[in-house]
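S.K.: Questions regarding the structure given below will be posed in turn.
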Amino acid sequence: MSSNDLSPYYFELLAKFLRKESGIILKPEKSYSLRSKLQPLAREWGYEGLNDLVTHIYRERHNPEVVDAILNALTIKETSFFRDNKPFDVLRSRLLPELAEKRGSKELKIWSSACSTGQETVSLAILLREVLPTDRANRSLVFGTDVSAEAIDRAKRAVFSELEMRRGATDEVRRRFFEPVEEGYRPTKEVLNMIRFREMNLLDPDFPISRFDVVLCRNVLIYFDNDGKRRVLHNIHRRMADDGYLFTGAGEDAQRMDGRFQRERVDGVQCFRKGS
């Protein structure tokens, strides 16, 4: 076995660690893909083999810096502005205007529950500025959370390279909602003032804000076992407005895992309404 391989014993040790710390499930068929994610960390910490790296991780499992490092290495940070356009189109044309009318003059609140490096939160803030009058948009909130401390730090910094901007930010969006800075582009102050970030595990019941009108939890539930999925959905449900909407990934059926969610299709896009 190559030193770059992960033996079954050490794979199970890592899987046990990851499940305890984040609720994320590592499946045996994913062991090969772990190599590219763990090798940079092994080199950084001076270990020749992945088994030695996992030994160190498990020995230091109560060290917050080690926990953050492994979660940052293993969690996916692939994202873009207005990723998978259809949910954003439905929010812009149908659901946000509908919710805005229902709420009268009150602000709207949206939760990006796995926000990665911040593109989704910025996209949602831009949607609110497109749909709402300026004063009401200024009072509205987009809350971004992620289990990765590194991703949250990047999201708070809010500087995006030219390459990142090309992934979903049209020329019109760039002109209206971004300003050039030395390292790329930063959202305007009006957009940034609408956004708050927090490092958070979705299994954590402690959360400072509730009554979200819209929650995005896309392509996240697939990383949890059935018990983890139910706990995540329970935590989301209790933080939603009674008539709020939940968006998940295409293969993630919130209603099947938690019958309190009611499946709907709006202009061909699947979403879920909060039920009792």
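S.K.: Report the one residue of Met194, Asn219, Phe207 whose Cα lies farthest in the direction of the positive end of the charge dipole of the stretch 173-276 (charges on C-beta: Lys and Arg +1, Asp and Glu -1; origin at the Cα centre).
M.R.: Met194
S.K.: Follow-up. Under a point spin-label approximation (7 Å from Cα along Cα-to-Cβ), what is the Glu183-Glu101 distance to one decimal in nm?
M.R.: Placing both labels 7 Å along Cα→Cβ, they lie 4.4 nm apart.
S.K.: Note down the Stokes-Einstein diffusion coefficient of the stretch 73-183 in µm²/s, whole number, using a Kirkwood radius over alpha carbon pairs, 4 °C, and 1.567 mPa s.
M.R.: 88 µm²/s
S.K.: Here is a follow-up. Solvent-accessible area per residue for the chain at a 1.4 Å probe radius, Å²?
M.R.: 49 Å²
S.K.: Pulled fully out, how much extra length does the chain show between Glu65 and Arg265, if you take 0.36 nm times their separation in residues and subtract their Cα-Cα distance?
M.R.: Full extension of this stretch gives 67.7 nm more.
S.K.: Also: Given DSSP loops and a limit of at most 12 other Cβ atoms within 10 Å, what is the longest stretch of the chain that contains no such GluC sites (Glu not before Pro)?
M.R.: Answer from the scan: 79-181.
S.K.: Just report the Cα centroid separation between the stretch 69-134 and the stretch 239-276, whole Å.
M.R.: Centre-to-centre (Cα) distance: 16 Å.
S.K.: From largest to smallest, what semi-axes in whole angstrom does the chain give when each is the square root of 5 times an eigenvalue of its alpha carbon gyration tensor?
M.R.: One finds semi-axes of 35, 23, 15 Å for the chain.
S.K.: Oh, and also: Output wanted: per-residue J couplings in Hz (rounded whole) for the stretch 79-94, from phi through Karplus 6.51 cos²θ - 1.76 cosθ + 1.60, θ = phi - 60°, x for Gly and Pro.
M.R.: My calculation for the stretch 79-94 gives 7, 7, 6, 6, 4, 6, 3, 4, x, 5, 4, 5, 4, 5, 8, 10 Hz in order.
S.K.: Right, another one. When only Cα pairs under 8 Å and 6 or more residues apart are kept, what is the percent relative contact order across the chain?
M.R.: 16 percent
S.K.: Now, a different point. Taking amide hydrogens as modeled 1.01 Å from N in the peptide plane, which residues meet the under 5 Å criterion relative to Phe212, leaving out close sequence neighbours?
M.R.: For Phe212, the qualifying residues are Met240, Ala241.
S.K.: Decide, for the stretch 52-97, between rounded, prolate and oblate: order the square roots of the alpha carbon gyration tensor eigenvalues as a ≥ b ≥ c, take rounded if a/c falls under 1.5, and otherwise choose prolate if a/b is larger than b/c, else oblate.
M.R.: It comes out prolate by the Cα gyration axes.
S.K.: Over what distance in Å are the Cα centres of the stretch 213-235 and the stretch 149-176 separated?
M.R.: Computed from Cα coordinates, the inter-centre distance equals 26 Å.
S.K.: Testing the spin-label approximation: label points 7 Å from Cα along Cα→Cβ at Arg157 and Asp225. State their distance in nm.
M.R.: Result for the modelled spin labels: 3.7 nm.
S.K.: Given points 7 Å out from each Cα along the Cα-Cβ axis, report the Arg196 to Arg166 separation in nanometres with one decimal.
M.R.: 3.7 nm
S.K.: Report, for the chain, the % of DSSP beta bridges that are antiparallel, rounded to 5.
M.R.: Here the share of antiparallel DSSP bridges comes out near 45 percent.
S.K.: Another question, if that's okay. Tell me, what is the FRET efficiency for Arg19 and Thr55 to the nearest 0.05, using R0 = 22 angstrom and their Cβ-Cβ distance as r?
M.R.: In this case the efficiency is close to 0.80.
The values are calculated or read from the model by the stated rules, or taken from the named source; none is laboratory data. Everything quoted here is computed from the prediction, not taken from an experiment. No Cβ is skipped: glycine too gets one built from the backbone with ideal geometry, and neighbour counts run over all protein chains shown. Remember, those area values only see protein heavy atoms, side chains included, never the ligands or the DNA or RNA. Shrake-Rupley method; radii C 1.70, N 1.55, O 1.52, S 1.80 Å.
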